[in-house]
Amino acid sequence: MINGLSGYNYDFDMVSITIQLLILICYIARKNMPVRQNSSFLRAMIANLVVSFFDIVACELLAIWQQVPVFLLYFFNIGYFFMFAVRIWYLFDYVIEVTRAYRWVTKRDRVLVALPCIVYLALVITTPIHKGIFYIDSAAGYKSGYLYKGLYHLSYFYVVLSLLIVINRAKKINKRIIMGSVAFNAVLLVGLWVRNLFPKVLVMGFFSTTAIFIIFLSALNPDIYYDKEVKVFNKLAFETIMVENIYKKYTFHIVIVKLRNFDVLKTVYGINQTLSAVDEVGAWLNDNFSKTNIYYFGNGLFALSWRFLDDYEEKINKINARFEEPWVSSGTEVTFTPAMAVIKPANMPDKTSEIIELIDYVSENNMDFENNSYIIVDEIIIGKMRRKRKVEKTIARVLKDNQMKAFFQPIYSTKEKKIVGAEALARIIDPEMGYIPPNEFIQIAEQNGSIMEMGRQIFERVCEFISKYDLKAMGMEFVNVNLSPAQCLNEHLAEEFKMIAEKHKVSLDMIDFEITETSIEDLLKIQAQMENLKKEGATFSLDDFGTGTSNLTRLLSLPLSVIKLDMSVVWSYFKGASKILPDLVNMFKKSNLRIVVEGVETKEMCDTLAEMGCDYEQGYFFSKPIPGEDFIKLISKETK
Ligand code: C2E
Ligand code: CA
Ligand code: CA
């Protein structure tokens with residue numbers, strides 16, 4: 001037991017000072033987020049040490065008070081009371097920050113909640129005059145004043161307020177932060193209570209240090225804000241820093257660094273090699289941009305942010321130069337090509353969620369900038385992102401209301417010299433946004449997964465159309481339905497479509513599914529679905545032939561009946577740019593595949609292509625895609 005001159009017990013204080021010092025060292029030794037929650041925490045820790053120091057010195061001096069000048073007694077005791085209140089304030093301030101309660105605790109509110117503390121501090125400083133907190137009696141030494149309990153009331157006030165704030169914000173923030181905040185305030189409550197019971201034991205320092213230790217372990221634990229492997233900040237840290245940057249109206253830059261073809265590289269180098277090379281990138285960024293916050297969002301996506309008005313070009317050039325060299329990790333060399341984007345303060349969205357969306361958008365859609373190593377995120381890109389989000393919302397609404405539409409474009413048979421089929425094309429007609437091109441909304445639906453539901457609704461419209469007008473009886477032989485690659489990966493596709501067709505009493509032998517080359521990448525999965533649907537009489541076309549790089553052997557191993565030649569191939573023949581079209585037609589005829597040519601816009605094209613041996617033709621010459629009833633009118637006119 002360490003009892004000193006005064007007879008107070010210092011065991012708890014010694015332990016807590018040691019632990020506090022250790023935490024402080026651990027904390028300072030690493031890179032912390034430059035946000036106020038961290039500076040509040042740092043201040044609370046320093047205050048904690050200072051309180052313990054004043055506490056011990058004050059107690060010791062009181063034991064020999066008769067030999068000590070009175071002003072020293074006042075100084076150390078005032079210091080103790082003062083710092084005690086300051087510590088409580090910083091812990092409270094930390095709670096406001098970490099729970100992001102500053103969103104609704106305005107600056108004015110903060111001054112208001114600070115008032116009790118300010119008043120108390122004023123009372124402490126002036127205590128030699130009014131003797132409220134304590135005084136030094138010339139006969140008896142140290143005496144508590146009538147406001148002695150004020151310190152406890154003040155502490156209870158802030159601890160209880162902290163708990164209320166935490167409970168109020170519980171749903172909005174990270175669970176671990178909540179648990180940590182509840183726990184440390186509970187510890188403080190217990191400490192205050194014990195101190196009240198045993199005033200001779202200096203336990204408060206111990207409880208405060210325990211509280212700080214809890215904060216350190218929970219909210220400031222590296223796992224929460226750091227990417228464990230890459231050793232830079234993670235997305236939660238990004239969010240926390242951005243929320244504060246925006247709230248506090250700082251100007252800041254963001255640079256996005258996306259490692260191109262990350263998924264492909266993982267298969268080329270192996271996952272472990274690639275990931276440890278990413279760790280190297282993180283380490284290099286850390287070493288070279290010490291004044292910059294570095295984040296890793298996963299999947300080869302890094303971001304840098306900084307607040308001072310530094311030049312981004314210098315950083316980008318430096319990064320580019322480094323990426324010209326391979327990243328060496330455990331003997332293997334991995335080469336990454338970065339694609340970068342800069343968000344300048346002038347174009348910075350004023351919501352964290354929008355910044356994150358913008359980063360997602362840019363890294364998904366805009367990183368193909370040909371020869372440029374970086375792009376500047378400008379109004380045009382932000383406009384596109386906003387439009388994408390609007391389209392996304394529209395898609396969601398249309399699908400929810402089962403309002404997906406199909407238009408039909410006639411397919412003409414060159415042998416029968418009449419329209420014998422149609423291609424169903426997806427349409428969204430939105431009262432607000434007007435016409436949204438399918439190329440736009442299909443891509444978005446594929447990215448966010450809603451293509452599945454969209455495909456179902458379109459197929460349902462097709463079945464409704466076929467059964468409503470009894471197309472077979474009208475001499476129609478087939479309706480083509482587009483399948484996107486994502487749909488082909490769905491193992492229940494055949495099952496689902498069979499059910500929809502049955503519901504409308506439509507036979508699948510009226511349906512021709514159009515697939516594209518990208519669907520064929522997962523050969524086994526698509527084959528299984530195709531076989532299943534073929535059993536019911538459906539046929540398959542290969543769409544857009546001539547737009548990709550075809551692996552003919554693979555293509556011909558699939559149960560395809562029709563090849564659709566893309567209009568780019570057709571048009572380049574008629575423009576005289578390429579003579580390959582007749583050879584393609586011959587080749588597919590030899591393989592017993594029927595041929596549809598797309599983009600037929602004139603009588604001349606129609607005749608030439610028929611002569612060349614194309615079985616079917618599709619294009620504006622016959623009709624644009626039109627609503628079902630217009631299609632019926634069109635074919636009825638033809639047969640008259
Ligand atoms: P696609 O499957 O190649 O469809 C043919 C596109 O060419 C249609 O564009 C059609 O309107 C257009 N077209 C037809 N004839 C002519 C012509 O003579 N001249 C010109 N300039 N264009 C012609 P649309 O309707 O805008 O559809 C664009 C693409 O969106 C489609 O290309 C297809 O890839 C996709 N798409 C449309 N509907 C669906 C659908 O229901 N499901 C899926 N997965 N994709 C669809
Ligand atoms: Ca098509
Ligand atoms: Ca096509």
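The values are calculated or read from the model by the stated rules, or taken from the named source; none is laboratory data. A quick note: this is a predicted structure, and the numbers were derived from the prediction, not measured. Virtual Cβ from ideal backbone geometry, glycine too; neighbours counted across all protein chains shown. Keep in mind that these areas ignore ligands, DNA and RNA; they rest on the heavy atoms of the full protein, side chains included. Shrake-Rupley method; radii C 1.70, N 1.55, O 1.52, S 1.80 Å.
Brief remarks follow.
- Within the accessible area of segment 456-513 (1.4 Å probe), percent carbon and sulfur: 55
- Prolate/oblate/rounded label for segment 212-291 (Cα gyration tensor, a/c 1.5): oblate
- Segment 428-557 - share of DSSP beta bridges that are antiparallel (%, nearest 5): 20
- Ranked by solvent-accessible area (1.4 Å probe, protein heavy atoms only, all chains present), the residues 583, 55 order from largest to smallest as 583, 55.
- Checked against a 22 Å cut-off, the cross-linked pairs 318/344; 498/525; 498/590; 415/590; 258/384 give Cα-Cα distances beyond that limit for 498/590.
- Long-range amide H partners of residue 226 with built H, under 5 Å: 234
- In the complete set of protein chains, residue-level accessible area for residue 52 is approximately 10 Å², probe 1.4 angstrom.
- Placing a label point 7 Å from the Cα of residue 504 along the Cα-to-Cβ line, the residues of segment 428-467 whose backbone N sits under 13 Å from it are 455-467.
- The chain - charge dipole about Cα centre, Lys and Arg +1 at Cβ, Asp and Glu -1, debye rounded to 20: 2540
- Taking the protein heavy atoms of segment 561-640 in the context of the full set of protein chains, the accessible area attributed to carbon and sulfur is 54 percent at 1.4 Å.
- Computed from Cα positions, the angle between helix 603-612 and the longest principal axis of the chain comes to roughly 80 degrees.
- Surface analysis of the chain yields an accessible area of 47 Å² per residue, using protein heavy atoms and a 1.4 Å probe.
- Projecting the Cα positions of 613, 162, 194 onto the charge dipole of the chain (unit charges on Cβ atoms of Lys, Arg, Asp and Glu, taken about the Cα centre) puts 194 furthest along the positive direction.
- Principal-axis tilt of helix 235-247 within the chain, Cα atoms, nearest 10 degrees: 70
- Of the GluC sites (Glu not before Pro) found in segment 209-250, the ones in coil according to DSSP and having at most 13 other Cβ atoms within 10 Å of their Cβ are 229.
- Dipole of the chain computed with +1 at Lys/Arg Cβ and -1 at Asp/Glu Cβ about the Cα centre; of 183, 635, 596, farthest Cα towards the positive end is 183.
- Here the contact order of segment 1-87, divided by its residue count and restricted to Cα pairs under 8 Å and six or more residues apart, works out to 33 percent.
- Rounded to 10°, Cα long-axis angle of helix 36-63 versus longest principal axis of the chain: 10
- Applying both filters, DSSP loop and at most 13 other Cβ atoms within 10 Å, to the GluC sites (Glu not before Pro) of segment 402-503 gives 416, 432, 491.
- Between segment 533-573 and segment 142-196, the alpha-carbon center distance in angstrom: 71
- Based on Cα contacts under 8 Å between residues 6+ apart, segment 180-286 shows a relative contact order of 22 percent.
- Segment 239-320: chymotrypsin sites (Phe, Trp or Tyr not before Pro) falling in loop per DSSP and having at most 11 other Cβ within 10 Å: 308
- Apportionment of accessible area to carbon and sulfur, segment 71-115, percent (1.4 Å): 73
- Looking at the chain alone, DSSP beta bridges between its own residues are antiparallel in about 60 percent of cases.
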